[in-house]
Amino acid sequence: MNKPVLVTGVLFFFHGFMFCQNKLVSELKTYALCSCITNNYRAVDNTFNSKDITKAAIVQINPISVETIESLEKYVEDKTMDFYKGYNVYTGYDFSNPNMIIYNCTEFYKSKELRQYIRKLIKIKKSSGNNF
């Protein structure tokens with residue numbers, strides 16, 4: 001076989017594989033962001049009922065196992081469970097319980113720690129022979 005054609009084929013294969021894995025990492029990060037926001041708003045007000053279907057859509061569109069989602073949900077809860085707590089630095093404003101849920105969840109979403117956890121989670125699930 002022609003060596004340049006073989007090399008090109010291998011490069012396209014790995015490029016496609018890496019693109020799919022990066023897309024899945026991005027999708028799971030979005031899932032984590034949504035989970036962080038809804039969990040914390042629910043902690044502020046237990047009657048909070050989000051009509052957002054982002055998490056369900058991500059699970060339907062991507063090959064993600066129940067175990068992966070459960071692991072990610074637990075990780076998000078462990079790392080972000082106190083983002084709803086109020087801050088007393090805004091006493092001059094008419095806030096009854098000011099918080100920075102969106103800011104804190106966005107910082108969590110952008111964190112290297114979350115990306116590494118998701119990459120590790122995907123690698124573990126892949127090596128065990130399960131879907132992601």
Any pair with Cβ under 8 angstrom, 6 or more apart, that starts in the stretch 37-57 at a residue that is over 18 Å from LEU72 (Cα atoms) and ends at one that is β-branched (Val, Ile, Thr) and surrounded by 14 or more Cβ atoms within 10 Å (Cβ to Cβ): TYR41/ILE101; VAL44/ILE101; PHE48/THR38; SER50/THR38; ASP52/THR38
Considering only residues of the stretch 18-36 that are without any contact (Cβ under 8 Å) to a residue 60 or more places away in the chain and among the small types (Gly, Ala, Ser), which is farthest from ILE124 (Cα to Cα)? SER35
Between a first residue in the stretch 79-106 that is surrounded by 11 or more Cβ atoms within 10 Å (Cβ to Cβ) and a second residue that is modelled with pLDDT of 95 or more and of a type in the set (A, V, I, L, M, F, W, C), which pairs have beta carbons less than 6 Å apart while being 6 or more apart in sequence or on different chains? THR80/CYS36; THR80/PHE108; CYS105/LEU33; CYS105/CYS36; CYS105/ILE37
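The values are calculated or read from the model by the stated rules, or taken from the named source; none is laboratory data. Note that the structure is predicted; figures quoted are calculated from it, not measured. Every residue, glycine among them, receives a Cβ derived from its backbone with ideal geometry; neighbour counts consider all protein chains shown.
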